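The values are calculated or read from the model by the stated rules, or taken from the named source; none is laboratory data. Worth saying up front: this structure is predicted, and the values here are computed from it rather than measured. All Cβ positions, glycine included, derive from the backbone under ideal geometry; neighbour counts span all protein chains shown.
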Amino acid sequence: MTEVLKNVLRTIQVFFFSFPVRVLIGLISLRKQFETWGKPTVLHFEQPYEGQKIMLLALYEKGELRPDVMRLLKHAKDEGLYVIAVNTLRLTEPAALKELIDCYYEKPNFGRDFSSYKVGFLHVFKRGLSDSCPRLMMINDSIYFSDDRMRGFLSDMMRTDLEVLGSTENFDIEYHLGSFCLAVNQSILLNKKFQNYWKNYRLSDVRPTVIKRGELALSRVLKSVMRNPSELTALYSAHRFYETVEKDPNLFDFVLKNARASTVFAWKRVDAQGIAQRYVDTYLRGALDPETVSIEVNHDSATDMWQLRSLDDVKTYLHEALLFDGQVVDDGALYEVALKEVIDSFVSGSQIHQNAALLLKLGLPIVKLDGLYRGIFDMADVYRVTDLLDEPERAELRALLMSRPYGRRYFTGWRQVAFERGYI
């Protein structure tokens, strides 16, 4: 059976079975909710709170914490943060973490990360911690924490006057901040609408429901309670990237060498072919004679487009393949075209997935761990990203990413349909 036929049959399967699979996923969620109903959320220990800034950490860790999570906690204590951790699994010796965690809960495994966030926020409100807490960061372990630059990152997130600051933005579905890491100040914590959001949040294990009620709804609530909604932004925002790449054109070459290679997601990918074609369309289409000169950039040209790894390579290609009679590439125009291509790619979809290598290069010390599982990374992307880290982190991150292979190939039957539709 050809790959094309397989894809056609898979598309038909997903179309016809989406609704019954969605119902099945809902029933599984209800069963899990019933099974965990009445099971206690256990507070293992709680240290006195003395008005520190707070880190609320949602965990899904069994037995012992990952090494990168331990490093995060050490940096949090160095930053003077009061750490509240809520785990949906069980650790072997929770008390051994009292030097790194100030308040530790274990809860039934239902509701994903937002159920842990809810336990943490309700603790903050019930204990009155919000009355004296200057700032709170909510963060979860769906990301890998690199030791390098983590201290500076925590400082940037927690020592700012911005009411709300995410680590990255997300342009998928609608604009919102990634809920895996964002920080709010006291004015947000004391806001009744924000408090009611957490008190009334309804738990679910269904991924699209959690995204809708959780990540998307939270950004809308935050925007509605901010004094200046236009300040809803991220530390590594598109605006910051635009300013950075304008000052450092060498970043173009890094992007071309390390841009996302996976073609599974339709999010725009930046590459030399796109930059060259945009230059042709913008500046050459009216000047070239289509009868004698090709005005389409393609992979069948004498120059292998995938070997073009810098703006100088693109410039050379344009000279060799398209220009004649002494024509030259306008460096300024090529720069503007490249800038537009890179920015268009940067703001496509989920920033932290789309720009994993670039964000590491810029200083963001976190990587989303579902990149390969979701198909946003391929194996080339895994190696590009992990090669930017030193050992032992390179091996740690590579193992974590590869422990969750691409779901479309891994799952079969109804689970494959569920994955295709984003239900799991």
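Give Lys98, Lys77 a once-over and let me know the one that is of a type in the set (D, E, K, R) and either surrounded by 17 or more Cβ atoms within 10 Å (Cβ to Cβ) or within 20 Å of Leu154 (Cα to Cα) (or both).
Unique residue meeting the criteria: Lys77.
Confirm whether Val86 is within 23 Å of His44 (Cα to Cα), in contact with a Gly (Cβ under 7 Å, 6 or more places away or on another chain), assigned by TED's automatic domain parsing to the domain that holds Asn228 and of a type in the set (Val, Ile, Thr).
So Val86 fits the description; yes.
Among (1) small (Gly, Ala, Ser); (2) outside any loop (DSSP other than H, G, I, E, B); (3) without any contact (Cβ under 8 Å) to a residue 12 or more places away in the chain, which single condition is Ala58 missing?
(3)
Under 9 Å by Cβ, and 6 or more places apart or on different chains, what pairs join a residue from region 359-373 that is in contact (Cβ under 8 Å) with a residue 40 or more places away in the chain and more than 18 Å from Arg149 (Cβ to Cβ) with one that is aliphatic (A, V, I, L, M) and not in a helix (DSSP H, G or I)?
Leu369/Ile143; Asp370/Ile376
Identify the residue in region 80-95 that is over 19 Å from Cys133 (Cβ atoms) and touching a strand residue (DSSP E or B) at 6+ places or on another chain (Cβ under 6 Å) and, among all such residues, is surrounded by the most Cβ atoms within 10 Å (Cβ to Cβ).
Asn87
Restricting region 15-55 to residues that are among the charged types (D, E, K, R) and part of a loop (DSSP other than H, G, I, E, B), which is surrounded by the fewest Cβ atoms within 10 Å (Cβ to Cβ)?
Per the stated criteria, the residue is Glu50.
From the residues in region 388-424 that are small (Gly, Ala, Ser), under 13 Å from Tyr373 (Cα atoms) and touching a helix residue (DSSP H, G or I) at 6+ places or on another chain (Cβ under 7 Å), which one is surrounded by the most Cβ atoms within 10 Å (Cβ to Cβ)?
Out of the qualifying residues, it is Gly407.
Check off (1) surrounded by fewer than 21 Cβ atoms within 10 Å (Cβ to Cβ); (2) more than 25 Å from Ser403 (Cα to Cα); (3) hydroxyl-bearing (Ser, Thr, Tyr) for Ser142 and give me the number that stays unchecked.
Here Ser142 clears every test but (2).
Counting only residues that are in contact with a helix residue (DSSP H, G or I) (Cβ under 7 Å, 6 or more places away or on another chain) and surrounded by fewer than 23 Cβ atoms within 10 Å (Cβ to Cβ), which one in region 347-356 is nearest to Ile424 (Cα to Cα)?
Of everything passing the filter in region 347-356, Ser348 is nearest to Ile424 (Cα to Cα).
All but one of (1) part of a helix (DSSP H, G or I); (2) out of contact with any Phe, Trp or Tyr (no Cβ under 8 Å at 6 or more places or on another chain); (3) not acidic (Asp, Glu) hold for Trp267; which doesn't?
(1)
Restricting to region 218-237, name every residue that is assigned to a helix (DSSP H, G or I), buried (at least 17 other Cβ atoms within 10 Å of the Cβ) and either outside the structural domain of Ile173 (by TED's automatic domain parsing) or small (Gly, Ala, Ser) (or both).
Ser219
So, of the residues in region 269-286 that are charged (D, E, K, R) and buried (at least 16 other Cβ atoms within 10 Å of the Cβ), which turns out to be nearest to Asp313 (Cα to Cα)?
Out of the qualifying residues, it is Asp271.
Yes or no: Tyr335 in a helix (DSSP H, G or I) and either within 26 Å of Ile28 (Cβ to Cβ) or hydroxyl-bearing (Ser, Thr, Tyr) (or both)?
Yes; evaluated as a whole, the condition is true for this residue.
Testing Ile188 on (1) over 16 Å from the mean Cα position of the chain (by Cα); (2) within 20 Å of Val86 (Cα to Cα); (3) among the β-branched types (Val, Ile, Thr), one condition comes back false. Which one is that?
Here Ile188 clears every test but (2).
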